[in-house]
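Below is one structure; the comments refer to it alone.
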Amino acid sequence: MLRAIPCTIMRGGTSKGLYFDAQALPAEIALRDRILLAAMGSPDARQIDGLGGAHPLTSKVAIVGPPSRPDADVDYLFLQVAVDTAEVSDKQNCGNLLAGVGPWAIEHGWVTALEGRTHVRIHMRNTASMAVATIETPHRRVQYEGTERIDGVPGTAAPIALEFLDVTGSSCGALLPTGARTDQIDGLTVTCIDNGMPVVLLRARDVGKSGRESPAELEADAVLKTRIESLRRALGPRMNLGDVARATVPKMCLVAAAEHGGTLSTRTFIPHRVHEAIGVLGAVSVATAAVIPGTVAAAVAANTLAAGAQSIEVEHPTGSFSVDVDIDLTSAVPLVRRAALLRTARKLMSGDIYVPESLWKSP
C-alpha cells in the first residue's frame, strides 16, 4: 500500500526541492525523515525511486508551517536529504529554497496577498533567524513570470527580494567565530565567517588551483577533496560547530581574483560536491568577508571597497551573484546592518507524493 502526502515541487533560486505543509508530515522526526528519504529516493546515487535529482542541489525539502514567534508570518524548516546515504540534516539554512517559501505561503493561505507586492516575514527555524521576502502579487496573485534573470537558471522570472534581518552568527554564535579575521591551519591562511552560513574562505592558489576550474574538475581531484575535508573537520570545532564529520557545514570556499569584472571569484564545496553556482547565504557570508579588511576575501577582491553599504558581485561557475551589504567597520568587531539580494522561483508541480505505508511501521 502507498500513502499520499500533498507536496509542491518548486525551483527556488538555483536549487529545486519539495515543499510540504508542516501539518502534512508526522511530528516524530525519525518517521518524518524516513518519509523524506523515500520521497527523494535516497539512498541511491540516481535517486531513481523518488523525486530527487541525484545531486544535493535537487535533493532538498522545505517544510512551511504556522509561525512560532510573533514577528513572523510563517516558519520555514530546511532539510537537506542526502543522495547516496540515508541521512536528513537540519544543520543549515537554504537561502535558495527560501525564495519559494513566500509564494508557497501566499498560495496556501498562510499570508494574504496585497495588491502589487506582498511582504512575507519568514522565521528560518534552522538558525532561529528572520528574513523578509517581497513577492510580486499583481491582482493579489503570485506572479512567477517576469524579466529578472539570475545566473545558473535559464530564462527569466519575477524578482523576489530577500532581506536578512538577524543572520549574523546564527550558526556559530559570532560573525567571526574564531575571533580573528584570519586563522592559520596546515600552512594555509583562512577566514572563518558566519553571516547566515558558516563558510571557510581560502585562496585557490594556496591549494594549487587557479579558481577558474569547473566543478567537475575540482570533484575529480581526489587529493584536493581529501585535504579540503580534513581542513573542514579541523575548523568545525574552532567555529563552535563541534564535530562536523556528518554535517553539511561549514562550506569550504576557494576564492580568486574576479574574472569577469566582479568583486571576486568563488568555487564552493557544499561540502563534498562543488556547487554549480553558490548558495544564497554562502554568497552573503562571502560578500560580507569581502567588505571586512584583513580577511582572505578582502585580500583577493578585484576592487578597492569603501566602508559602508556595498554591492558585491560574487562570481561563481555559472555566472555571478549580487549581494547588497551594509557593514559598520568603525568598531573592532564589524557590525552587519543589512544584507539583501534578489532571487526568483517557479512552481513546477503541485499534487500528492506517494510513499510506502510500511514506513509508519518501521522501528
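Computed from the coordinates by the stated procedures, all read-outs in this text should not be read as laboratory data. This structure is a prediction, so every number in the text was calculated from the model and none was measured. Here Cβ is always computed from backbone atoms with ideal geometry, including for glycine, and neighbour counts include all displayed protein chains.
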Does the stretch 193-245 hold any residues that are under 28 Å from A339 (Cα atoms), in a helix (DSSP H, G or I) and free of Cβ contacts under 8 Å to residues at least 12 places away in the same chain, and which are they?
P237
Filtering the stretch 106-161 down to residues that are surrounded by 17 or more Cβ atoms within 10 Å (Cβ to Cβ) and at positive phi yields G152
The stretch 129-162: number of residues that are out of contact with any Phe, Trp or Tyr (no Cβ under 9 Å at 6 or more places or on another chain) and within 19 Å of V325 (Cβ to Cβ):
6
If you check L218, L188, L224, which single one turns out to be closer than 25 Å to G95 by Cβ and aliphatic (A, V, I, L, M)?
L218
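Only one of L25, L37, L79, L98 is out of contact with any Asp or Glu (no Cβ under 8 Å at 6 or more places or on another chain) and under 22 Å from R343 (Cα atoms). Can you tell me which?
Values: L25 fails: under 22 Å from R343 (Cα atoms); L37 fails: under 22 Å from R343 (Cα atoms); L79 fails: out of contact with any Asp or Glu (no Cβ under 8 Å at 6 or more places or on another chain).
So the residue among L25, L37, L79, L98 that is out of contact with any Asp or Glu (no Cβ under 8 Å at 6 or more places or on another chain) and under 22 Å from R343 (Cα atoms) is L98.
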Filter the stretch 337-363 down to the residues that are assigned to a strand (DSSP E or B) and more than 19 Å from the chain's Cα centre (by Cα) and list them by number.
R337, L348, M349, S350, G351, D352, I353, Y354, V355, P356
In the set V190, V153, the lone residue that is in contact (Cβ under 8 Å) with a residue 24 or more places away in the chain and assigned to a loop (DSSP other than H, G, I, E, B) is V153
Lone qualifier among L25, L51, L57 - being aliphatic (A, V, I, L, M), without any contact (Cβ under 8 Å) to a residue 60 or more places away in the chain, surrounded by 14 or more Cβ atoms within 10 Å (Cβ to Cβ) and within 30 Å of I106 (Cβ to Cβ)
L25
Top-ranked residue of the stretch 246-273 - restricted to ones that are among the aliphatic types (A, V, I, L, M) and part of a strand (DSSP E or B), ranked as nearest to the chain's Cα centre (by Cα)
M252
Please specify each residue of the stretch 162-182 satisfying the condition of being surrounded by fewer than 19 Cβ atoms within 10 Å (Cβ to Cβ) and outside any loop (DSSP other than H, G, I, E, B).
E163
So which of R46, R69, R3, R11 is basic (K, R), in a strand (DSSP E or B) and surrounded by fewer than 19 Cβ atoms within 10 Å (Cβ to Cβ)?
R3
